[in-house]
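This is the structure, below, for whatever I ask next.
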Amino acid sequence: MSSDDEQIPQYPPRARPNILITGTPGTGKTTTSELAAMATGLEHINVGQLVKEKSLHDGRDETFDSYILNDDKLCDELEDRMGQGGYIVDFHSCDVFPERWFDLVVVLRADNSVLYDRLVKRGYNETKITENVECEIMQVVLDEAREGYRQEIVVELNSNSIEEMEENVDRVRQWTEDFIRTH
Ligand code: DAT
């Protein structure tokens with residue numbers, strides 16, 4: 001065991017994996033997670049929704065029309081479930097979670113024009129659209145994932161079309177079956 005490994009508190013081995021599906025808003029996390037949950041039998045946790053429902057925030061940021069996340073409340077809420085395994089966690093950020101929670105981190109990517117159109121359709125204000133498109137151009141979430149997790153568990157997948165989404169869901173399904181067979 002390397003000294004790096006020693007610093008990460010480990011759970012007992014999980015029979016079923018936890019998968020984080022992350023990416024800039026609009027890249028397809030929720031749609032992909034719902035389909036992947038159906039394909040794998042893992043349970044989907046939509047963190048954005050959970051934050052709203054359980055008030056795991058410190059109020060709203062009016063400029064960006066979003067909630068100010070309370071990291072501690074969120075991690076406390078999820079800790080027990082993550083210890084058990086068997087979840088697909090869907091969130092636009094990945095640096096709030098402990099590294100030990102996840103066996104696979106999927107970062108979805110979309111081309112700027114595709115993402116722009118999706119966010120317009122969603123009714124985001126101009127500030128929020130610009131911030132998110134810039135975030136995607138700068139690959140902020142991918143860099144966050146590469147900094148926060150071992151590189152062999154981080155996978156970057158394009159999510160511009162329905163075909164790509166289906167391929168991505170199939171990859172997650174195959175990876176999950178392999179994990180379960182070997183754990
Ligand atoms: P996110 O959860 O990342 O914010 P979403 O799953 O809500 O994104 O998707 C945003 C919109 O884009 C929604 O109308 C579905 C559509 N969409 C997502 N991924 C797609 C893809 N790969 N191909 C076509 N449409 C997609």
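Do the conditions hold for Tyr116, that is, is it over 21 Å from Glu167 (Cβ atoms), over 18 Å from the mean Cα position of the chain (by Cα) and surrounded by 17 or more Cβ atoms within 10 Å (Cβ to Cβ)?
yes
Scan Lys128, Lys121 and give me the residue that is in contact with a Phe, Trp or Tyr (Cβ under 6 Å, 6 or more places away or on another chain) and open to solvent by 20 Å² or more (accessible area, probe 1.4 Å).
Exactly one of Lys128, Lys121 is in contact with a Phe, Trp or Tyr (Cβ under 6 Å, 6 or more places away or on another chain) and open to solvent by 20 Å² or more (accessible area, probe 1.4 Å), namely Lys128.
Hey, another quick one. Show the residue pairs that are 6+ apart or on different chains and have beta-carbon atoms under 9 Å apart, the first residue being within segment 161-183 and touching a residue at least 24 places away in the same chain (Cβ under 8 Å) and aliphatic (A, V, I, L, M), the second being open to solvent by 60 Å² or more (accessible area, probe 1.4 Å) and in a helix (DSSP H, G or I).
The qualifying pairs are Met165/Thr31; Met165/Leu35; Val169/Leu35; Val169/Met38; Val172/Leu35.
Just need a number here: residues in segment 133-153 that are free of Cβ contacts under 8 Å to residues at least 12 places away in the same chain and in contact with an Asp or Glu (Cβ under 7 Å, 6 or more places away or on another chain).
Matching residues across segment 133-153 total 0.
Residues Val120, Val114, Val96, Val107: which one is within 12 Å of the ligand (Cβ to nearest atom) and under 22 Å from Arg150 (Cβ atoms)?
One residue alone meets the criteria, Val107.
On to the next question. Could you say whether any residue in segment 147-166 is at pLDDT 95 or above, more than 15 Å from the ligand (Cβ to nearest atom) and over 28 Å from Arg16 (Cβ atoms)?
no
The values are calculated or read from the model by the stated rules, or taken from the named source; none is laboratory data. What you see is a predicted model; the values in this text were computed from it and never measured. Counting neighbours? That spans all protein chains shown, and the Cβs are built from the backbone with ideal geometry, glycine included. When the accessible area is computed, the model is the full protein with side chains, heavy atoms only, and any ligands, DNA or RNA have been set aside. Shrake-Rupley method; radii C 1.70, N 1.55, O 1.52, S 1.80 Å.
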